[in-house]
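The block underneath contains the structure these notes are about, expressed in structure tokens.
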Amino acid sequence: MSEPVLLTKGAVACPGVVTGKVVRIYDARDSDIIQAGDILVTEMTTPDFVPAMKRAAAIVTDKGGRTCHAAIVSRELGVPCIVGAMNATTVLKHGQEVTVDAVNGKVYEGRVDIVVEQKTTESKYKNTKTNVYAILANPELAPKVAAMPVDGVGLLRAEF
């Protein structure tokens, strides 16, 4: 079996591994072409991209860091995301099948089987006197947040 072809890499904003079809968007006005399961590839995101980000299976941006818009929103939505890939909109071709390894910050050509080590959700901080609360921005993620080792929801954002 041959080595997977690495197309680009960047910083992990929200972890996960997804295979899908690249859809490059250069302007938020075109975001309605993103369908469920597509890989959203763009230079950077703005609040106008949020409807497309909610439908995307993964997000890859040329610019940004771990505190940029794409990083923050992808974590809120639970969508795997790589930011700061620098050449994603050039290297990743519209319609191309890719595997986004947002655990290691890499995008591979085609379907690549990547084994991700599952981490326990048990908290290391059982004896802390400080309560740990989650921020919930997407109501559809409430069951996932409820299964996390947190003491509740400390902030509920309603803009989505």
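The values are calculated or read from the model by the stated rules, or taken from the named source; none is laboratory data. None of these values were measured; they are calculated from a predicted model. Cβ: placed from backbone, ideal geometry, glycine included. Neighbour counts: every protein chain shown. Just the protein is used for accessible areas: all its heavy atoms, side chains included, with ligands, DNA and RNA removed. Shrake-Rupley method; radii C 1.70, N 1.55, O 1.52, S 1.80 Å.
Report the Cα centroid-to-centroid distance between segment 5-54 and segment 71-106 in angstrom, as an integer.
So the two Cα centres are separated by 6 Å.
Can you pick out the pairs among Lys54/Lys144; Lys21/Lys54; Lys54/Lys129 whose Cα atoms lie more than 25 Å from each other? Write down the numbers at each step before the final one.
Details: Lys54/Lys144 16 Å; Lys21/Lys54 16 Å; Lys54/Lys129 36 Å.
Listed pairs above 25 Å: Lys54/Lys129.
May I ask you to derive the relative contact order of the chain, considering only C-alpha pairs under 8 Å and at least 6 residues apart, and to give it as an integer percent?
Values: 357 pairs, mean separation 40.7, N = 160.
Once normalised by length, the contact order is 25 percent.
Given the Cα-Cα distance of Arg75 and Glu3 and 0.36 nm per residue of separation, how much length would full extension add, in nm? Write down the numbers at each step before the final one.
Details: separation 72, 0.36 × 72 = 25.92 nm, distance 2.99 nm.
Contour length minus the Cα-Cα distance gives 22.9 nm.
For the chain, what is the accessible area per residue in Å², given a 1.4 Å probe and the full set of protein chains?
Numbers: 9480 Å² over 160 residues.
Ligands and nucleic acids excluded, the figure is 59 Å² per residue.
Please calculate the 1.4 Å probe accessible area of Glu3, with all protein chains present, and give it to the nearest 10 Å².
150
Place +1 on the Cβ of every Lys and Arg and -1 on the Cβ of every Asp and Glu in the chain, take the dipole about the Cα centre, and give the residue among Leu156, Ala71, Leu141 whose Cα lies farthest towards its positive end.
So the residue we want is Leu156.
So what are the ³J(HN,Hα) numbers for segment 48-56, from phi and the Karplus equation (6.51, -1.76, 1.60; θ = phi - 60°), rounded to whole Hz, Gly and Pro as x?
Computed from phi, the couplings for segment 48-56 are 5, 7, 3, x, 5, 5, 5, 8, 5 Hz.
Considering only DSSP beta bridges where both residues belong to segment 33-119, give the percentage that are antiparallel (nearest 5).
Numbers: 4 of 10 bridges.
If I count the DSSP bridges inside segment 33-119, around 40 percent turn out antiparallel.
Any idea what the dipole of the chain comes to, in debye rounded to 20, about its Cα centre with Lys/Arg Cβ at +1 and Asp/Glu Cβ at -1? Write down the numbers at each step before the final one.
Details: 18 positive and 18 negative charges, 91 e Å.
Roughly 440 debye, rounded to the nearest 20.
Starting from the Cα of Ile135, move 7 Å in the Cα-to-Cβ direction to define the label point; list residues of segment 49-69 whose amide nitrogen is under 12 Å from there.
Flagged as within label range: 67-69.
Amide H neighbours of Thr45 under 5 Å, counting only residues 5+ apart in sequence or on other chains, H built in-plane at 1.01 Å?
Those qualifying (amide H under 5 Å, at least 5 residues apart or on another chain) are Ala70.
Amide H of Val103: which non-local residues (sequence gap of 5 or more, or other chain) have their own amide H closer than 5 Å, using H built in the peptide plane?
Amide H to amide H, under 5 Å and 5 or more residues apart or across chains, Val103 pairs with Gly16.
Output wanted: per-residue J couplings in Hz (rounded whole) for segment 73-86, from phi through Karplus 6.51 cos²θ - 1.76 cosθ + 1.60, θ = phi - 60°, x for Gly and Pro.
Those phi angles translate into 5, 4, 5, 5, 8, x, 9, x, 8, 10, 10, x, 6, 6 Hz.
Might you work out the accessible area of Met44 for me, using a 1.4 Å probe with all protein chains in place, and round it to the nearest 10 Å²?
Rounded to the nearest 10, the figure is 100 Å².
Please report the net charge: other residues with Cβ closer than 13 Å to the Cβ of Val145, K and R +1, D and E -1. Each step should come with its number before you reach the end.
Details: positive: Arg75, Lys144, Arg157; negative: Glu76, Glu140, Asp151.
Summing Lys/Arg as +1 and Asp/Glu as -1 gives 0.
Put one equal scatterer on each alpha carbon of segment 12-71, apply the Debye formula with no solvent term, and list log10 I(q)/I(0) at q = 0.17, 0.21, 0.24, 0.26 1/Å to two decimals.
At q = 0.17, 0.21, 0.24, 0.26 Å⁻¹ the computed log10 ratios are -0.47, -0.74, -0.98, -1.15.
Kindly sort Leu7, Leu155 by accessible area of their heavy atoms, largest first, with the probe set to 1.4 Å.
Numbers: Leu7 35, Leu155 85 Å².
In descending accessible area the options line up as Leu155, Leu7.
Select one label from [x] 1.08; [y] 1.47; [z] 1.16: the one whose number is Cα Rg over 2.2 N^0.38 Å as derived from the coordinates shown.
Among [x] 1.08; [y] 1.47; [z] 1.16, the one calculated here is [x].
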